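Where a number appears in this text, it was derived from the coordinates with a stated rule and is not lab data. The model shown is predicted, which means the values in this text are computed figures rather than measured ones. When we count neighbours, we look across all protein chains shown, and the Cβ atoms used for this are built from the backbone with ideal geometry, even at glycine.
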Amino acid sequence: MVVASPAPLRSKKARAAGIPVIDLSLERSKLCELLVKACQEFGVFQVENHGVSRKIISRVEREGQEFFSKPACEKQGAGPAAPFGYGSKNIGFNGDKGELEYIIMEANPHSISERSKSISPAHPENFSCAVNDYIDAVRNLACDILEMVAQGLWVQDKSIFSNLIRDPNSDSCFRINHYPSLLNLDDWIKYPSSQLMFDHPKTRIGFGEHSDPQILTILHSNNVGGLQILSPDGLWIPIQPDSDKFCVFVGDAFQAMSNGRFVSVRHRAVANPMKARMSVMYFAAPAPNACISPIPEMVSCENPCLYRPFTWAEYKATAYSLRLADNRLDLFRN
Ligand code: GA4
């Protein structure tokens with residue numbers, strides 16, 4: 001059965017209650033339905049009972065912490081992020097800045113083992129094993145989610161989305177962001193802790209407003225708040241941090257393939273003035289030469305093709321030529 005895509009809900013009411021939390025241990029047909037609903041109403045959701053082991057997550061977090069606790073000159077040895085490597089405060093190539101430091105790398109074993117030599121010169125294999133195991137686990141999670149979404153859309157080929165990221169040439173990438181605490185002892189004395197987050201002059205943007213260009217983002221963070229999504233009425237809604245869950249974002253390429261039925265939600269991270277926040281992200285992307293266009297099942301007379309076909313390489317080059325907050329997908333509208 002082919003279902004023409006109805007108008008997405010994306011109502012204010014839908015957002016007011018917070019983003020959906022989807023229990024991946026539920027029965028499959030129910031899950032498919034919930035995942036589609038979340039992709040179209042919110043463009044973001046959290047998953048629990050996801051099956052990724054705590055050990056895999058903790059190992060990668062420990063490696064991240066170890067790296068970020070090194071002296072600046074040592075970290076610089078893994079930089080600059082152009083676009084892969086270590087970066088501090090500068091984001092992209094067009095003047096965007098944020099209160100963070102990060103490492104980004106291509107999510108394939110060869111690039112990871114090369115990068116590990118400059119990130120963890122003393123024990124590169126510890127770093128690369130931790131990252132490779134983590135990527136394998138979250139790639140499987142992303143593929144499961146994509147296959148259930150395809151099933152929920154009644155698309156004939158259930159692997160239509162997951163095949164793009166299982167492709168050995170997939171351009172997926174891996175990132176660890178570290179948002180240091182911005183406080184010193186004087187601030188603790190001056191500001192009552194409940195007010196600190198809102199009133200403190202040092203509350204700053206960690207990573208500015210943007211949508212993710214890829215298909216799907218799988219994000220894990222420690223239990224420190226800071227991640228926010230932009231609601232349809234222009235309000236920033238905080239996402240409850242929970243290290244037992246993953247947060248999943250629809251990316252621009254998924255919005256295009258769903259012919260605008262799914263929404264690549266705009267989000268940002270504010271630096272928490274009290275506590276350091278660390279997030280680990282896997283950005284699931286197609287191969288550079290993959291062609292992205294609305295899938296036939298999402299196109300009908302009532303829902304004509306919203307986007308022209310483009311390659312992932314073309315889209316990525318456009319993203320890097322623009323500012324973080326620019327709406328790049330609009331440039332590909334018919
Ligand atoms: C946002 C999602 C990923 O973190 C990222 C980012 C990339 C970067 O930080 O170098 C970009 C940003 C992200 C979107 C537009 C371009 C590219 C910075 C920027 C200004 C790694 C990605 O793929 O796109």
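The table for this structure:
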{"read-out": "Exposure proxy ranking, count of Cβ atoms within 10 Å, fewest first, for ARG54, ARG277", "value": "ARG54, ARG277"}
{"read-out": "Within the chain, helix-based [θ] at 222 nm, where runs of 4 or more DSSP H residues each add -39,500 (n - 2.57), nearest 500", "value": "-10000 deg cm²/dmol"}
{"read-out": "Inter-label distance, nm, simple model (7 Å from Cα along the C-beta direction), GLU114/CYS305", "value": "3.6 nm"}
{"read-out": "Separation of alpha-carbon centers, region 118-143 and region 224-290, rounded to whole Å", "value": "21 Å"}
{"read-out": "Exposure proxy order (Cβ contacts within 10 Å, fewest to most) of SER172, SER53", "value": "SER53, SER172"}
{"read-out": "Between helix 124-152 and the chain: long-axis angle, C-alpha atoms, 0 to 90°, nearest 10", "value": "30 degrees"}
{"read-out": "Area projected by the alpha carbon convex hull of the chain, averaged over all directions, nm²", "value": "17.0 nm²"}
{"read-out": "Exceeding the 32 Å Cα-Cα cut-off - candidates LYS97/LYS275; LYS89/LYS316; LYS37/LYS275; LYS37/LYS117; LYS117/LYS158; LYS30/LYS97", "value": "LYS37/LYS275; LYS37/LYS117; LYS117/LYS158; LYS30/LYS97"}
{"read-out": "Kirkwood hydrodynamic radius (C-alpha pairs) into Stokes-Einstein, region 228-318, 20 °C and 1.002 mPa s, D in µm²/s", "value": "137 µm²/s"}
{"read-out": "Restricting region 300-334 to trypsin sites (Lys or Arg not before Pro) in coil, as DSSP defines it, with at most 15 other Cβ within 10 Å", "value": "ARG323"}
{"read-out": "Around ASN90: net Lys/Arg minus Asp/Glu count, Cβ-Cβ under 12 Å", "value": "-1"}
{"read-out": "Charged-residue dipole, Cβ positions (Lys, Arg, Asp, Glu), region 18-118 about Cα centre, Debye nearest 20", "value": "240 debye"}
{"read-out": "Stretch gain in nm, segment SER58-LEU26, where the contour uses 0.36 nm per residue and the Cα spacing is subtracted", "value": "9.0 nm"}
{"read-out": "Partners for LYS75 among aspartates and glutamates (Cα-Cα distance below 17 Å; same-chain residues under 8 apart left out)", "value": "GLU61, GLU63, GLU66, GLU99, GLU101, GLU114"}
{"read-out": "Footprinting exposure proxy for VAL248, VAL21 (fewest neighbouring C-beta atoms within 10 Å first)", "value": "VAL21, VAL248"}
{"read-out": "Projected-area mean, region 86-142, by convex hull of Cα positions, square nanometres", "value": "4.8 nm²"}
{"read-out": "Electrostatic dipole magnitude of the chain [Cβ: Lys, Arg +1; Asp, Glu -1; Cα centre; debye, to 20]", "value": "500 debye"}
{"read-out": "Extended-chain gain in nm, criterion 0.36 nm per residue less alpha-carbon gap, SER321 and ILE205", "value": "39.6 nm"}
{"read-out": "Degrees, to the nearest 10: 312-321 long Cα axis against longest axis of the chain", "value": "40 degrees"}
{"read-out": "FRET efficiency, GLU48 to ASN289 (Cβ-Cβ, R0 25 Å, nearest 0.05)", "value": "0.10"}
{"read-out": "Leading residue at positive end of dipole, the chain (Cβ point charges), from GLY51, ASN177, PHE207", "value": "PHE207"}
{"read-out": "Sum of side-chain charges, ASP330 neighbourhood, beta-carbon under 13 Å (Lys, Arg +1; Asp, Glu -1)", "value": "+2"}
{"read-out": "11 Å beta-carbon shell around LEU306, net charge (K/R +1, D/E -1)", "value": "+2"}
